[in-house]
1. Whole-Hz ³J(HN,Hα) for each residue in region 142-147, computed from phi via Karplus 6.51 cos²θ - 1.76 cosθ + 1.60 with θ = phi - 60°, x for glycine and proline: what do you get?
2. How large is the dipole of region 152-246 about the Cα centre if only Lys and Arg carry +1 and Asp and Glu carry -1, each at its Cβ, rounded to the nearest 20 debye?
3. When a/c is below 1.5 the answer is rounded, else prolate if a/b is larger than b/c, else oblate, so apply that to region 79-177 with a ≥ b ≥ c taken from the square roots of the Cα gyration tensor eigenvalues.
4. Can you work out the accessible area per residue across region 105-214, with the rest of the protein chains kept in place, probe 1.4 Å, in square angstrom?
5. Taking the 0 to 90 degree range and rounding to the nearest ten, how far is the long axis of helix 71-92 tilted relative to the main principal axis of the chain, both from C-alpha atoms?
6. Could you please state, rounded to a whole Å, how far the C-alpha centre of region 3-61 is from the C-alpha centre of region 104-150?
7. With +1 on each Lys and Arg Cβ and -1 on each Asp and Glu Cβ, and nothing else charged, work out how big the dipole of the chain is about its Cα centre, in Debye to the nearest 20.
8. Pick out, from GLY93, ALA77, THR19, the residue whose Cα sits farthest towards the positive end of the charge dipole of the chain, with +1 on the Cβ of Lys and Arg and -1 on the Cβ of Asp and Glu.
Amino acid sequence: MAMRLTGVGVGPGDPELVTVKGVNALRAAGAVVVPVMDTGELGRAEATVRHYVPESRIVRVVFALNERTDRARRAAAWDAAGARVAELLRAHGTVAFATIGDPNVYSTFTYLAATVGGLLGGGGQLAVATVPGITAMQDLAARSGAVLAEGTEPLTLVPVTAGADVLKDALEGPGTVVAYKFGRLAAQVAAALRATGRIEGAVWGSSLGLPAESIRPAAELPDGPLPYLSTLIAPARRDGGRGGKL
């Protein structure tokens, strides 16, 4: 039988937002891998998984999650992580990788699956699957009352790690714009919202579902940095009344 690697989305932080299918996939796996930084602190994915899986079945694997400049160090970390997961697959047959949010949306699982696949070779030895998870933008919309999309409105998701100019370009377009990972550029994000006339009605949040949760209007964005995993929703301009964009 082929070894099976499953990426399981465990949501943005609130353990109640893990799907039933996600919990079943975690519990069925021979080992559950959670990503940790080399500093070793408890990550959001691991904290969520601990609600459903005994700690003895959780394997902490170091990823270069915060490495953005040293490509050689990042590549070495990925190779080591992939090798560790390949080892676990050989030992257990099935491995679940827990990732915050959804495994197909800006997730480390994409790179992990490619690395492990390369190590294990072809011939159908490895089956890769994903279990979708609730994303931060969905959670923030629910907690803040923001509506992500109506009728024919587009929905644009921008990682601000690409720079605030990319966000500004999106804000100048139609529909709702969601920004991820903007905490280090909070002041630039606020400036882009004001320059495009999109700050009214926009909302940001961090640590969603956790004790340190903060949800505020975008007009209250501080000049200094926010938590890295902050999320912003700038709703579409809606002036056509109910059903105006159907």
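1. 5, 6, 9, x, 6, 9
2. 160 debye
3. Taking the square roots of the gyration eigenvalues as a ≥ b ≥ c, region 79-177 is prolate.
4. Solvent-accessible surface per residue comes out at 44 Å².
5. With rounding to tens, the tilt is 50 degrees.
6. 13 Å
7. 360 debye
8. It is GLY93.
The values are calculated or read from the model by the stated rules, or taken from the named source; none is laboratory data. Since the model is a prediction, treat every value here as computed from it, not as a measurement. Backbone-built Cβ (ideal geometry, glycine too); neighbour counts: all protein chains shown. Just the protein is used for accessible areas: all its heavy atoms, side chains included, with ligands, DNA and RNA removed. Shrake-Rupley method; radii C 1.70, N 1.55, O 1.52, S 1.80 Å.
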